[in-house]
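Step one of this worksheet: look at the structure below.
The values are calculated or read from the model by the stated rules, or taken from the named source; none is laboratory data. All of these numbers come straight from a predicted model, not from anything done at the bench. Neighbour counts are summed over all protein chains in view; Cβ atoms, including those assigned to glycine, are modelled from backbone coordinates with ideal geometry.
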Amino acid sequence: MDYVVRKARKGDNLNIARTIAYSFEKTFSVFTKDMERMAKVFENGVAVDRFYVAEHNEEIIGIVACGDCTGRALGTTKDECKKYLGLFRGQMAFRVIRSELMLPHNYPATTGYIDVIGVLQQARGKGVASELLKELVKNNPQYNEFVLDVESVNTSAIKIYANFGFVEFKHVPFTKIFKRSRIFMKYTLPGPMAMPCQFK
């Protein structure tokens, strides 16, 4: 499969949100079986300047985004969640999304946190995730360390990250909703000394 990796640009919001929804369909199915609705939940909360995308035939097939202590790559509002998921599921989804994707990172300014990385089913196993990571690291020299977390059952993703150079440093037990434990991994580069972050 031929594809290009590029910086996300204005107008990519919905396609990025769709890629996220369908890449994590099994996880988001707790809230809805309709991934178009899930994409609408995120559409207005995509921080495009933090994303890189992989594109095949003008279709986004993979995404990666980096947050840090100054901001996150993805978010939503309680109203958006209720609008597209209903009152009860919307409120539950907002609580989870806020906790997992919207709260500030408690890391120094020289650490980039990979908020989300996803590849559509039909594009998996073709090196897309590795190329996205490579582009993200190459274009963010302000960080000397990158951190991510992954479900412990996602052994294929863990293998990709390990091959890239990420190493495990923490294991967190399962959450009440998703009931899966998570592994935290980091990739370290030589760089500037860690500086305290200035929260916005």
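Just give me the residues in the stretch 112-148 being among the basic types (Lys, Arg) and closer than 17 Å to Tyr22 by Cα, in sequence order.
Within the stretch 112-148, Arg124 is the sole residue that qualifies.
Across the stretch 89-107, which residue is surrounded by the most Cβ atoms within 10 Å (Cβ to Cβ) among those that are within 15 Å of the chain's Cα centre (by Cα) and part of a helix (DSSP H, G or I)?
Among those that are within 15 Å of the chain's Cα centre (by Cα) and part of a helix (DSSP H, G or I), it is Ile97.
Looking for something among the aromatic types (Phe, Trp, Tyr), within 20 Å of the chain's Cα centre (by Cα) and either surrounded by 14 or more Cβ atoms within 10 Å (Cβ to Cβ) or farther than 17 Å from Phe146 by Cβ (or both) - is there at least one such residue anywhere in the stretch 69-84?
no
Yes or no, residue by residue, for (1) under 22 Å from Lys26 (Cβ atoms); (2) crowded, with 18+ Cβ neighbours inside 10 Å; (3) out of contact with any helix residue (DSSP H, G or I) (no Cβ under 7 Å at 6 or more places or on another chain):
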| site | (1), (2), (3) |
| --- | --- |
| Leu87 | no, no, yes |
| Gln122 | yes, no, yes |
| Leu136 | no, yes, yes |
| Thr155 | yes, no, yes |
| Lys159 | yes, no, yes |
| Phe174 | yes, no, yes |
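Of a type in the set (Phe, Trp, Tyr), at pLDDT 95 or above and in contact with a His (Cβ under 7 Å, 6 or more places away or on another chain): does that describe Tyr113?
Here the answer is yes, as Tyr113 does meet what is asked.
Quick one: which of Gly112, Gly118 is under 11 Å from the mean Cα position of the chain (by Cα) and either within 19 Å of Arg182 (Cβ to Cβ) or aromatic (Phe, Trp, Tyr) (or both)?
Sole residue among the options that is under 11 Å from the mean Cα position of the chain (by Cα) and either within 19 Å of Arg182 (Cβ to Cβ) or aromatic (Phe, Trp, Tyr) (or both): Gly118.
Give just the number: which of (1) assigned to a loop (DSSP other than H, G, I, E, B); (2) touching a Phe, Trp or Tyr at 6+ places or on another chain (Cβ under 6 Å) does Gly112 not satisfy?
(1)
Considering only the stretch 1-23, state which residues are under 24 Å from Cys66 (Cβ atoms) and at pLDDT below 95.
Lys10
Answer yes or no as to whether Val53 is crowded, with 21+ Cβ neighbours inside 10 Å, within 20 Å of Met185 (Cα to Cα) and not charged (D, E, K, R).
no
Filter the stretch 130-168 down to the residues that are more than 20 Å from Arg182 (Cβ to Cβ) and of a type in the set (Gly, Ala, Ser) and list them by number.
Within the stretch 130-168, Ser130 is the sole residue that qualifies.
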